[in-house]
1. Considering only region 68-102, how many residues are touching a strand residue (DSSP E or B) at 6+ places or on another chain (Cβ under 6 Å) and more than 30 Å from Y55 (Cβ to Cβ)?
2. Checking T99 against (1) at pLDDT 90 or above; (2) within 30 Å of K32 (Cα to Cα); (3) exposed (fewer than 12 other Cβ atoms within 10 Å of the Cβ); (4) of a type outside the set (K, R), only one condition comes out false. Which one?
3. How many residues does region 22-39 hold that are more than 17 Å from V76 (Cα to Cα) and at pLDDT 70 or above?
4. Mind telling me which of the residues E123, E48 ends up being surrounded by 10 or more Cβ atoms within 10 Å (Cβ to Cβ), over 30 Å from M17 (Cα atoms) and free of Cβ contacts under 8 Å to residues at least 12 places away in the same chain?
5. Kindly establish whether S105 is touching a strand residue (DSSP E or B) at 6+ places or on another chain (Cβ under 8 Å), without any contact (Cβ under 8 Å) to a residue 12 or more places away in the chain and not basic (K, R).
6. Out of region 59-84, which residues are of a type in the set (S, T, Y) and under 20 Å from the mean Cα position of the chain (by Cα)?
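The values are calculated or read from the model by the stated rules, or taken from the named source; none is laboratory data. Just so it is clear, the structure is predicted and the values come from calculations on it, not from any experiment. Neighbour counts run over all protein chains shown; Cβ positions are idealised from the backbone, glycine included.
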Amino acid sequence: MWGSPSKAAMKEMMREMDYITLVQDGQRGIPKECPCGGRIYHEISKIEGDLGNRYFTCKAYKNDGFHWRVPWFYSVEEEFDKLMEQIDEQNQKLSGLETQLKKMSEELRNQRGVIAKLKDLVEQAVKNIFDGW
């Protein structure tokens with residue numbers, strides 16, 4: 001079979017496709033580091049037709065699908081959405097903690113009442129014991 005790729009070449013192509021998919025699926029929020037390990041910097045486009053648009057770009061960026069060049073607006077918007085979700089989660093946790101605190105405060109008040117009654121009983125018992133001597 002002349003021209004058909006070898007098994008090793010097919011595996012290499014599959015690995016490449018998996019990596020490209022990983023790179024594309026990983027573009028969420030403000031990138032900290034490119035999958036290639038390259039540093040991300042803030043770029044302002046100087047290309048005609050794209051002039052002034054901002055991007056988070058890998059220092060080693062080539063338009064080959066292996067590096068990130070993410071539009072600034074979308075990254076910031078996704079990051080904002082993630083932060084809003086985190087705030088909502090924290091608010092839910094805080095609400096649960098407030099409810100738990102109210103229950104614990106009520107229980108503490110009840111326990112203080114029980115302790116006061118026990119204290120009175122012990123004082124009465126001590127008084128009865130020593131009054132009889």
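1. 0
2. Tallying (1) at pLDDT 90 or above; (2) within 30 Å of K32 (Cα to Cα); (3) exposed (fewer than 12 other Cβ atoms within 10 Å of the Cβ); (4) of a type outside the set (K, R), T99 fails exactly one: (2).
3. 5
4. After applying the criteria, what remains is E123.
5. no
6. Matches in region 59-84: Y74, S75.
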